[in-house]
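Read through the structure below, which is laid out as structure tokens, and then see the notes.
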Amino acid sequence: MKFADFRRKLAQYWYRFSQNKASIAGLIITVTIVLVTILAPYVTPYPEHAGVFVDFRNTFKPPSSANWFGTDQVGRDIFTRSIFGYRFSLIMAGTVLGIAVPLGVVLGLVSGYFGGWIESLIMRLTDIVLALPPLAMAIAVSAVLGSDLGNTMIALAMIWWTWYARLVHGMVVSLRNEEYVEAAQIMGASKLHIMFREILPNCAPAILVKTTLDAAFVIELSAGLSFLGLGVRPPEPALGTMVAEGARYLPANWWMTVFPALAILVLIFGLNWLADGLRDVLDVDL
Amino acid sequence: MQYILFLLRRAAHSILVLLGLSIIIFIISRVMPGDPARMALGPYATQEQVAALRQEMGLDLPLWTQYVRYMSNLVQGQFGKSLISERDVRLDLAHHLPATLELIMMTMFWVVVIGIPLGALSAVKKDTAFDNLTRGFSFTAVVIPGFLVGIGFQLLFGYWLDWFPITGRLSPGTVVTQKITGLYLIDALILRDWHLFFDALKHILLPSLALSMAGIGQVIRITRSSMLEIETQDHVQVVRSYGVPNLLVTFKYILKPAFIPTLNILGLLSASLLGNAFLVESVFSWPGVAKYGVNAMLQKDINGLVGVVLLIGLGFLLANLIVDMIIGLLDPRIRLKGEAE
Amino acid sequence: MTLTYKQLLEIKDLTVDFDRFGGKARVLNRVNLAVAKGEKVGVVGETGCGKSVTMKAVMNLLPTRRVTVGGSIFYKGRDLLTLDRFARRQITGKEVVMIFQDPMTSLNPVFTIGQQMEDIIGYNLAGAKRGLRLPKRLRQEAREQAARFLAAVKLADPERILNSYPFQLSGGMRQRVLIALALANQPDLIIADEPGTALDVTTQAQILELMDQLVQERGIALLMITHNLGVVRETTDRVYVMYAGTVVETAATDALFAEPLHPYTKGLLDSVPKLHGQGLSAGIEGSVPDYLQMNPGCRFYPRCPQALPKCEFEPPEPRSISENHMVSCHLIG
Amino acid sequence: MNSSEVLVVDKLVKYFPVKGGFWRRAHGQVRAVDGVSFTVQPCQVFGLVGESGSGKSTIGRLLVGLYRPTSGTITYRGKMQMVFQNPGSSLNPRRTVGKTLELPLRLHHKGLTRKELRQRVAELLTQVELNPEYANKLPRSLSGGQKQRVAIARALASDPKFIVLDEPTSALDVSVQAKIIKLILELKDQLQLSYLLISHDLSLMRNVADVTAVMYLGKIVEIAPTAELFANPAHPYTQVLLASIPVVSVEEEALKPTKRLVEGEIPSPLQIPQGCSFHTRCPEAMEICTRVAPELLTINPDHQVACHLHGKRGES
């Protein structure tokens, strides 16, 4: 009987989600890309092209049945490299948000609930960090520490938590005076219970939607960084690097730029559509 | 009086943020692993050369002394010498600033003149084909990364249609007879040099539009949604119920309060706009501060980078201060009470 | 064109359907209601009984999408629902005005009282010739009128009020501004939505007395919507009791309070705590039903303590008990 | 505390700082509660009535410990609980009714098994006349009255002796209010509870409270057994309040003091008038009222009033 309830609820959510065709597209795109990327060595036609590889007989081939997206200046298959390029994007998004979201959520909860000097400290810190564009920060850190994937990710995570701290802080400040929170306080519930059981679940939908949106954002940013030549080192494929390299051969060898750019767009659109669907289902106003 | 107090408080807050920013940058540039002197000179420099530079940069002093020196230099606007151009970073920045300023101003212009009317119209014509189209456009504009828009524009309008030049601020033949502000469009207007004006306009059009797309999308979205929200509020129903003409209700009683959230977004937006400028300036080889910053970064020029980052932070804070000023003018609660309700 | 009419406002068989997720909700079902010239009429009912929808239908403030309106609303003999938008604007907002429920949200926060009053009064002075800018002369005239009406609602120093922003005024003062606005167009009918409910008891009493006095002096008819039975009894001549989108009983106020006939009216009156303190009644079982699953017969049937078998399927017709007293109930007559 | 009382409140004061200016320093204070004393007997309903800004809700919050008093003491026996005004926000929208009720059970009866918990929840729901199956529901599928019943059940779960009822029915329709009030009174008799009922509704107070205190701007201006207070209101403010109530019958009309209205509105608690805080609106204000704040004086056994009109009679 409980299971039936659960299924009914799921069906209800799915109904609301599927009302918007774009969100289904977003879900399919995102899931497909994640799966294909994990299975990249098995599903790409030329997995060896992802690393150091040259084939001077096949340079600058336009798209064909053998090379769907054409080949680059050293004869590597752009389709294969685009799929491998997603790895960099997804790892980046996963790591940055994996660190930033929990950190930001906890700090936001603490600052919003306790108030006082803790709140001032954390909120002033977010003010400072938010005054810097994330890209500028990543550039600065990479410049100092050397353009290494790990460093760049740490740099981004160190800025990104502030958005979540802000979001959660704002929600906690309005929720902590809700009567159900006060009721729990009167009953003598612990602060941990109130923060994590009473307040956090009410913030969760907004956090989830924002995380989905930000995944797209981090991917965009990572593409931007690799476009500038930061983050990942050649020959490791990154979509941004491929776009930048291809841009040197415009307009004649347009496929070198256009396909990696489209690859970025497809993933970013997919995630945004997914976020839109979640927003409808979870009734979040973000 | 309350308004001035409010602005002073915001300004004081900005100064604090700037101070914090400088500390963070100091920590990043001095405390994190790696030797700035070694980085600047590269792996082939001798030990003595490195030591000499360390001394020159004050890296051998205790950390807090370094900090005091760094801060007192910053307060005087001294960022030190660029390790690449060998010039005072201040001069370098001053040289590159007008290009960026011109780009940003042009971008803001597009954001305001395209974003706000489209958002307002979209709200008025809610659920019509126009509204759906506008919403689709704003979604797309927000989602597509600025540098890809830039490359797309280059391909379409530059290479294929050949309507606009794709790099630089001016065509090779065009000369600026007299530098006044450094903003070519404005200089040309002052000098009544129409050739210069149109050449500069042709060059700035694509980069500024590429840079403004995300902002336009955001502003459409927020203008539309805040107008629709205010539309349902009692006070709008009241003026409507008394038969005040629809156009007046929309463009006075709804639009003015709807401006407040829009402006707030514009202020916050300026950070991501400045960030995107790094990429867009790279794409269009626009000789601005961001391009200078990217070069500094690629060449490990710490002093140059510190200058660029602080300048950007300052830009963001100034933009927000201006936003606060305008919001204060729009919202009597801020103007007369010093805070919103 | 002059029409002869008995009632100032006469709502006939007004039906409103909302398209909701899961079907059509009939939120108003054949509502009949009349207000004579200079009469004070109350509409009383609990949350969701349709009293606000009725008023919005008169004022043309219902959303246009997913709403179907049937029946007629005669004002001075002309059916408002058949008039075009322009002709309707000549009536609602000028001859019929509405005072909204919450004075705190009914004024635009970023304009002064003066700016708002000038526009509202000025555009009505301008009549048919309306542009987006009021001529200076009209604006001046509107401002003078505004000051006069602010004085009429006993606000001291009208000039200062005109130059104030809403947040600088207390709730009671804002309510007075709204009443001044309503009077300014010299209407024939004022519709008041829960006047004073958002204010404190002592302020509410002041406001009600003021309103009473002002409409009396000017011969303006008043249609008051409220959930507060006491307010209705103390301010109106005649009263309609609404339940779930239907009028269940109507009578002269004194008669209704002395001898309520419909089980809902009785239950409602019983539920109000009395000042003599002889304990509380049991109230009415259950709550207002979902409009999507309304009982096909009498809408009160599921909660009625005296329900008959036929109440379940047969909607009761309004029956005249005496002059002015009508009840829709199978138990009566 | 003497042996019979369940609650003693003595000279309770709560000031809230008001921040402003450039440095956001406290530059003033809201005197929300300003020296309030009263006692509550077992099984008594103590009513606190007043308009907005009178400080009645602040007292409720002070009692249950949501605020810390600036000075003064609160002494009580047993446990204290609270039922809030707004059924919309008093239940966590993401927790089922069962979960909401389990929390106080877990906290106050450590070591209950899952089965015992479920059983207690069912009992509590039955006690507030709800079907035990409601335990699986989320608040959004309940009506306002049902939510308020759950809130009452939650308050009962920790076996309190005393419950603060902060406008428990003001968001409900009258027909629903009647049932909730009836339930609250039945539970009182059944479980030997005492209540502090906070309300702006005098007619409700007349029917529910044993003793009623009238508050104005942070002070109790009059306190008496309810029937006595309504029959012989002594403070001009109480009289004005009573005269302002809209009533539904002619008989009640006769019970109201002769109609008189006060000018103006309640002053902001930021700027409480000197002397008697009501003197700015009082129809019978005298010169002394503008200077000296009147003390609560006993005019009849159990009937106290803070007003200079009665001060003189008390002295003579």
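The values are calculated or read from the model by the stated rules, or taken from the named source; none is laboratory data. This one's a predicted model, so the numbers in the text were calculated from it and none came from an experiment. Using ideal geometry, Cβ is built from the backbone for each residue, glycine included, and neighbour counts are taken over all protein chains shown. For accessibility, only protein heavy atoms count, side chains too; no ligands or nucleic acids. Shrake-Rupley method; radii C 1.70, N 1.55, O 1.52, S 1.80 Å.
When B:Phe284, B:Phe251 are checked against the criterion of being open to solvent by 40 Å² or more (accessible area, probe 1.4 Å) and more than 7 Å from every other protein chain (Cβ to nearest Cβ), B:Phe251 stands alone in meeting it. What do you reckon, is A:Ile99 farther than 24 Å from A:Ala50 by Cβ, touching a helix residue (DSSP H, G or I) at 6+ places or on another chain (Cβ under 9 Å) and within 13 Å of chain B (Cβ to nearest Cβ)? Here the answer is no, as A:Ile99 does not meet what is asked.
As for the stretch A:132-144, it holds at least one residue that is within 14 Å of chain B (Cβ to nearest Cβ) and open to solvent by 20 Å² or more (accessible area, probe 1.4 Å).
In the set A:Met123, A:Met158, only one residue is free of Cβ contacts under 8 Å to residues at least 60 places away in the same chain, out of contact with any Cys (no Cβ under 8 Å at 6 or more places or on another chain), part of a helix (DSSP H, G or I) and facing chain B (nearest Cβ under 10 Å); that residue is A:Met158.
Only a single criterion out of (1) open to solvent by less than 50 Å² (accessible area, probe 1.4 Å); (2) part of a helix (DSSP H, G or I); (3) within 14 Å of chain A (Cβ to nearest Cβ); (4) of a type in the set (A, V, I, L, M, F, W, C) is not satisfied by B:Ile166, namely (2). Test D:Val292 against the stated conditions and say whether it is in a loop (DSSP other than H, G, I, E, B) and over 30 Å from D:Tyr15 (Cβ atoms). No, not satisfied.
Listed here are the helices (runs of 4 or more DSSP H) enclosed by the stretch A:1-53 that have at least 3 residues being hydroxyl-bearing (Ser, Thr, Tyr) and under 29 Å from A:Ser89 (Cα atoms): A:21-38. Residues in the stretch A:1-55 that are among the aromatic types (Phe, Trp, Tyr) and within 22 Å of A:Phe269 (Cβ to Cβ) were compared, and the one that is nearest to the chain's Cα centre (by Cα) is A:Phe17. Note on the stretch B:129-162: residues that are within 14 Å of another protein chain (Cβ to nearest Cβ) and over 28 Å from A:Ser222 (Cα atoms) total 5.
Meeting the requirement of 2 or more residues that are more than 20 Å from C:Ala221 (Cα to Cα), the strands (runs of 3 or more DSSP E) wholly within the stretch C:1-116 are C:9-20, C:23-35, C:67-75. Where strands (runs of 3 or more DSSP E) sit wholly within the stretch C:208-269, those with at least 1 residues that are touching a helix residue (DSSP H, G or I) at 6+ places or on another chain (Cβ under 7 Å), open to solvent by 10 Å² or more (accessible area, probe 1.4 Å) and more than 14 Å from chain D (Cβ to nearest Cβ) occupy C:238-243. For A:Ala206, the requirement of being part of a helix (DSSP H, G or I), buried (at least 23 other Cβ atoms within 10 Å of the Cβ) and more than 12 Å from every other protein chain (Cβ to nearest Cβ) is not met. If you go through the stretch A:209-246, how many residues are within 8 Å of chain B (Cβ to nearest Cβ) and either buried (at least 21 other Cβ atoms within 10 Å of the Cβ) or among the acidic types (Asp, Glu) (or both)? Here the count works out to 8. Among what's in the stretch C:270-309 and is among the polar types (S, T, N, Q) and not in a helix (DSSP H, G or I), pick the residue that is farthest from D:Gln146 (Cα to Cα). Top of the filtered list is C:Gln278. Among the residues making up the stretch D:236-265, those that are open to solvent by 30 Å² or more (accessible area, probe 1.4 Å), within 7 Å of chain C (Cβ to nearest Cβ) and assigned to a loop (DSSP other than H, G, I, E, B) are D:Leu261, D:Glu265. How about the stretch D:157-193: which of its residues are farther than 17 Å from D:Phe46 by Cβ, among the aliphatic types (A, V, I, L, M) and within 14 Å of chain C (Cβ to nearest Cβ)? Matches in the stretch D:157-193: D:Ala171, D:Leu172, D:Val174, D:Val176, D:Ala178, D:Ile180, D:Leu183.
Of everything in the stretch D:66-118 that is of a type in the set (A, V, I, L, M), away from every other protein chain (no Cβ under 11 Å) and not in a helix (DSSP H, G or I), the residue that is nearest to D:Asn136 (Cα to Cα) is D:Leu112.
Is it true that some residue in the stretch A:256-264 is over 20 Å from A:Gly26 (Cα atoms) and either of a type in the set (S, T, N, Q) or open to solvent by 20 Å² or more (accessible area, probe 1.4 Å) (or both)?
yes
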